[in-house]
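Novice: Below are the structure tokens for one structure; questions will follow.
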Number of protein chains: 2
Amino acid sequence: MGLVVQKFGGSSVATAEKYRRVARRIAWKKRQGNDVVVVVSAPGDMTDDLIERARSITDRPSAREMDVLLATGEQISIALLTMALHELGVDAVSLTGPQAGFQTDDHHRAARIVNIDTARIRRELAAGRVVIVAGFQGMDDHGDITTLGRGGSDASAIALAAYLSADQCQIFTDVDGVYSADPRIVPTARRLDEISYDEVLELAAAGAQVMQLRSVELAKQYGVEFEVLSSLAPLPDEGGEERGTKVVAKLSPNNHRIVSGVAVDSKVAHITLLGLPDRPGVAYRAFKALGDARINLDMIVQSAGTGCGNGPTADISFTCARDDLETALEVCNRLLPEFPGARVVYDTDVAKVSIVGSGVASNYGVAARMFEALAEKDINIELITGSEIKISCLVRASRAMEAVRAVHDKFELGDVAPIVQ
Amino acid sequence: MGLVVQKFGGSSVATAEKYRRVARRIAWKKRQGNDVVVVVSAPGDMTDDLIERARSITDRPSAREMDVLLATGEQISIALLTMALHELGVDAVSLTGPQAGFQTDDHHRAARIVNIDTARIRRELAAGRVVIVAGFQGMDDHGDITTLGRGGSDASAIALAAYLSADQCQIFTDVDGVYSADPRIVPTARRLDEISYDEVLELAAAGAQVMQLRSVELAKQYGVEFEVLSSLAPLPDEGGEERGTKVVAKLSPNNHRIVSGVAVDSKVAHITLLGLPDRPGVAYRAFKALGDARINLDMIVQSAGTGCGNGPTADISFTCARDDLETALEVCNRLLPEFPGARVVYDTDVAKVSIVGSGVASNYGVAARMFEALAEKDINIELITGSEIKISCLVRASRAMEAVRAVHDKFELGDVAPIVQ
């Protein structure tokens, strides 16, 4: 018993039948004696439909008006879900983002929550009602409707859990938690009972299809622990259990492990600047120019080059999102005239394989074990980078899936007991 | 030059092309040097679509949640219309009903406007913007979304014109004004340049497909004069003229006439209670019971009956909407046992033909002239009733269209000069 915030995404409410199913899940939680606040997204592909309507009018819609338009998706959803609860005999009331007290800055389409005035929600809870809140939206100081950008409904739920000091925050999605690897790649991948914010953040950055980074960052910032659960799982009132992954600040002692998961990112490009002069300021010059072009660099490695008689040279390698490749090459080619003899090469036939775990840095031999796994399969490593809780290797794209499975096996992350630190 | 309130209904904004067309009409008005506030309805059949979504969840949706749901239709419309104006280079901003300051009572689905706080609208106008307001909606004292019920967007526009003391209020619809008769029935029917509130109200009550009664009543109450115009008419920036019907408190001197229009209502039923005892209280008894069943009675006539030896009797005839016939008959049949010898007969093969005009009561012979027109065509009159500005005759349904044309001709309402009083 306590105060529970639940969040249901668009795929959970794509049809009338799905609204009814979500309503039953909520009703069950309420019947357990909880106060329940639900954050819901726009139904199914409504947001795409609304964007299409805008596109039929203009190619460059104003951000403010897009927010007015897009906010209707969640408003439709809260009304329908509330009706579905009424149909089950559950007292419930819908609130738009502004009605629920979400105050944001005025960055339309990517607003940040600055405060939640929870008075109305608390009043409705005190009256015994389930409160259904439109995710993704709020109101700025001018009284204008704002939306929070991608993954905004998760952010709404997590912020609400923080402002309400909720006892539980459940994010229902179409998967039942965070896995040790993508089960489509590694059939033995295991659902993790628990994972830390930092691990989730690194996994997402490493290419795992987990949650929106921003929501996890927000949860970390607010100190809100939440669960990721599947809205497709059997209903509790039909004997289903609530099983998912808890995302927490610090793993509980019985969940400590060296490596939590393996991820792969195939949408990367590898760029190398060859034969740069080996003197201070050259790397700065290159990375400043790339940064100014708003390109996020990921793996960065500098090595002694093979300059032939023109004094010492250095090679600089980095990876970026494949979508940024074209822009990155333009920036590099503009730089080259400053460095006679230098040239740029690139490769898109690569993928990044990463291991993530709180025990990576504090355990000897973790990197070696990863390299061993790859060597055993005769997979060449082209770049290596590491952080406190992550080690990434760039490999041939054609060998990436094999690499993920080999590493997953080597660290025994599958259906066997995890390695306790 | 001045402050203009324009209103565009759902059929005016059914497609992207129509939004663009409406935007050009607005842009032209703004270019003439006016401050422009626009009230817009939900696009095309969106409201029906939303109702269908609710129906797929529940047969008895809560009125409050229906308002949350339905208000999204107009919100989508304001965003799209504002984008279409931006596309034309016109500075514009959208406001939902609550943002525009519409304060209503809490009668969900049929709320009444109690105040409009026009501060935000005036601020946007002062900044040179066209203001696009969602019709049909407002917010009650609890901060809940309300809708105004059928014809609500017209009511929004008229109330806004009143609160803003607008110089002009234009209601754009799919007809270009109020006609002396339905042009589909009377090809020579003439568009009226001007008509009074009372005439429009009586015409609508008489079955003419003009405006929603409530909006005209509101205009009369606020003293807002408005124009009915066609959004299908050629655009002003393509040489089109703004021609419609002005709805005013009092006709201007050069528009005075005895009869303004002829209307027909084919959806009526005629019920007669035969052989009622001719004593005080009997009519009251009958009409009280019908009133309690919420049946609106229209033409009511009492005449001496043909009682056969059971003392004096009376017959009471009345008409009601055909949709109410079944209920009305049930009420009558429940009453009969109180009045031995009485019986009830009904007829649905009837139609009501009415003439409406400010000069009806103050001119001798108007009724006679109407009857003459019908007699000339050998059309039998089954019931007659009259009011200050209206005379109605019940005729056979099969003769109704002929009757309308005969009366329209007799009063020379067609493409010839009107009869000046």
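Novice: Once the label point is placed 7 Å from Cα along Cβ, list for B:ASP378 the distances to the corresponding points in the other copies, in nm, shortest first.
Specialist: Sorted ascending, the copy-to-copy spacings read 10.8 nm.
Novice: Given the C-alpha centroids of the range B:55-99 and the range B:103-163, what is the distance between them in whole angstrom?
Specialist: Distance between centres, Cα-based: 13 Å.
Novice: Something else about it: Quick check for you: with a 1.4 Å probe and neighbouring chains kept, what is the accessible area per residue of the range B:177-216, in Å²?
Specialist: 39
Novice: With springs only between Cα atoms under 10 Å, which of A:LEU80, A:LEU235, A:LEU336 fluctuates most in a Gaussian network model of chain A?
Specialist: Highest fluctuation among the options: A:LEU336.
Novice: May I pose another question? Looking at the range A:3-253, what % of its DSSP beta bridges pair antiparallel, to the nearest 5?
Specialist: Here the share of antiparallel DSSP bridges comes out near 25 percent.
Novice: Let me ask something else about it. State the antiparallel share, in %, of DSSP beta bridges confined to the protein assembly as shown, rounding to the nearest 5.
Specialist: Close to 65 percent.
Novice: Let me check I've understood the local charge: for A:VAL248, count other residues with C-beta under 11 angstrom from its C-beta, Lys and Arg +1, Asp and Glu -1. What total comes out?
Specialist: Counting the neighbours of A:VAL248, the net charge comes to -3.
Novice: State the percentage of accessible surface on the protein assembly as shown attributable to carbon and sulfur atoms; use a 1.4 Å probe and exclude ligands, DNA and RNA.
Specialist: Of all accessible area on the protein assembly as shown, carbon and sulfur atoms account for 48 percent.
Novice: Please name the residues of the range B:89-134 whose accessible area, counted over protein heavy atoms with a 1.4 angstrom probe, falls by no less than 30 Å² between the chain alone and the full protein assembly.
Specialist: Listed in order, they are B:SER94, B:GLN99, B:ARG120.
Novice: Now for a different question. Search the structure for amide H atoms under 5 Å from the amide H of B:GLY177, placed 1.01 Å from N in the peptide plane, and list their residues when 5 or more places away or on another chain.
Specialist: Long-range HN contacts for B:GLY177: none found.
Novice: Need the C-alpha centroid separation for the range B:188-259 versus the range A:359-421, integer Å.
Specialist: Here the answer is 79 Å between Cα centres.
Novice: Can I ask one more? Springs between alpha-carbon atoms under 10 Å, Gaussian network over chain B: tell me which of B:LEU81, B:LEU329, B:LEU213 tops the mean-square fluctuations.
Specialist: Comparing B:LEU81, B:LEU329, B:LEU213 in the GNM, the peak value goes to B:LEU329.
Novice: Taking Cα atoms, how many degrees apart are the long axis of helix A:366-376 and the longest axis of chain A, rounded to 10 and kept between 0 and 90?
Specialist: In chain A, helix A:366-376 runs at an angle near 70 degrees to the longest axis.
Novice: To the nearest 10 degrees, how steep is helix B:46-55 against the longest Cα principal axis of chain B, on a 0 to 90 scale?
Specialist: Helix B:46-55 sits roughly 70 degrees off the main axis of chain B.
Novice: Give the A-B buried accessible area in Å², both sides summed, 1.4 Å probe, nearest 100.
Specialist: 3300
Novice: Go through the range A:29-55 and flag every residue whose accessible area shrinks by 20 Å² or more with all protein chains in place compared to the isolated chain (probe 1.4 Å).
Specialist: A:MET46, A:ARG53
Novice: Can I ask one more? On a 32 Å Cα-Cα criterion, which of the cross-link pairs A:LYS246/A:LYS390; B:LYS246/B:LYS410; B:LYS7/B:LYS410; A:LYS18/B:LYS267; B:LYS29/B:LYS220 come out too long?
Specialist: B:LYS7/B:LYS410; A:LYS18/B:LYS267
Novice: On the rotation axis linking copies B and A, which residue of B comes nearest by its Cβ, and by how many whole Å?
Specialist: Spelled out as residue then distance in Å, it is B:THR72, 2.
Novice: In percent, what relative contact order does chain A have, based on Cα pairs under 8 Å that are 6 or more apart in sequence?
Specialist: Over chain A, the number comes to 14 percent.
Novice: Another one. Go through the range A:4-20 and flag every residue whose accessible area shrinks by 50 Å² or more with all protein chains in place compared to the isolated chain (probe 1.4 Å).
Specialist: Correct list: empty.
Novice: Write down the accessible area per residue of the range B:59-102 in Å², having rolled a 1.4 Å probe over the full set of protein chains.
Specialist: I get 22 Å² per residue for this part.
Novice: Nothing charged except the Cβ atoms of Lys and Arg (+1) and of Asp and Glu (-1): what's the magnitude of the dipole of the protein assembly as shown about its Cα centre? Round to the nearest 20 debye.
Specialist: 320
Novice: First measure r as the distance between the Cβ atoms of B:SER362 and B:ALA110, then evaluate 1/(1 + (r/R0)^6) with R0 = 35 Å and state the FRET efficiency to the nearest 0.05.
Specialist: The computed FRET efficiency comes out at 0.45.
Novice: Let me ask something else about it. Name the most mobile residue of B:ALA119, B:ALA400, B:ALA71, meaning the one with the largest mean-square fluctuation, in a Gaussian network model of chain B with Cα contacts below 10 Å.
Specialist: B:ALA119
Novice: Right, here's the next one. How far apart are the B:ASP174 label points across copies, placing each 7 Å from Cα toward Cβ, in nm, shortest first?
Specialist: Nearest first, the other copies' label points are 3.8 nm away.
Novice: Still on this structure, I have one more. By the scheme Lys and Arg +1, Asp and Glu -1, what is the net charge of all other residues having a beta-carbon under 12 Å from that of B:ILE145?
Specialist: Charge balance in the 12 Å sphere: -4.
Novice: What does the charge add up to near B:THR15, with Lys and Arg as +1, Asp and Glu as -1, over the other residues with Cβ less than 12 Å from its Cβ?
Specialist: Neighbour charge sum, excluding B:THR15 itself: +2.
Novice: Between A:ARG334 and A:GLN209, what is the FRET efficiency for a Förster distance of 35 Å, r being their Cβ-Cβ separation, to the nearest 0.05?
Specialist: Working from the Cβ atoms, E equals 0.50.
Novice: Angle check, please: helix A:213-222 long axis (alpha carbons) against the longest principal axis of chain A (alpha carbons), in degrees 0 to 90, nearest 10.
Specialist: Between the helix axis and the principal axis of chain A, the angle is about 70 degrees.
Novice: Rounded to the nearest 0.05, what FRET efficiency do A:ALA293 and A:TYR346 have when you use their Cβ-Cβ distance and R0 = 22 Å?
Specialist: That gives a FRET efficiency of 0.90.
Novice: Once you have the alpha carbon radius of gyration of chain A, what is it after dividing by 2.2 N^0.38 Å, with N set to its residue count?
Specialist: It is 1.11.
Novice: Shortest first and in nm with one decimal, please list how far the B:PRO280 label point sits from its counterparts in the other copies (point 7 Å along Cα→Cβ).
Specialist: The answer, with the shortest distance listed first, is 11.6 nm.
Novice: Further question on the same structure: If you take every DSSP beta bridge fully contained in the range A:58-175, what fraction is antiparallel? Give it as a percent rounded to 5.
Specialist: Antiparallel: roughly 55 percent of the beta bridges in the range A:58-175.
The values are calculated or read from the model by the stated rules, or taken from the named source; none is laboratory data. These numbers were taken from a predicted model, which means no experiment stands behind them. So basically every Cβ, Gly included, is an ideal-geometry build from the backbone, and we count neighbours across all protein chains shown. Each accessible area value is taken on the protein alone, full model and side chains, heavy atoms only, with ligands, DNA and RNA left out. Shrake-Rupley method; radii C 1.70, N 1.55, O 1.52, S 1.80 Å.
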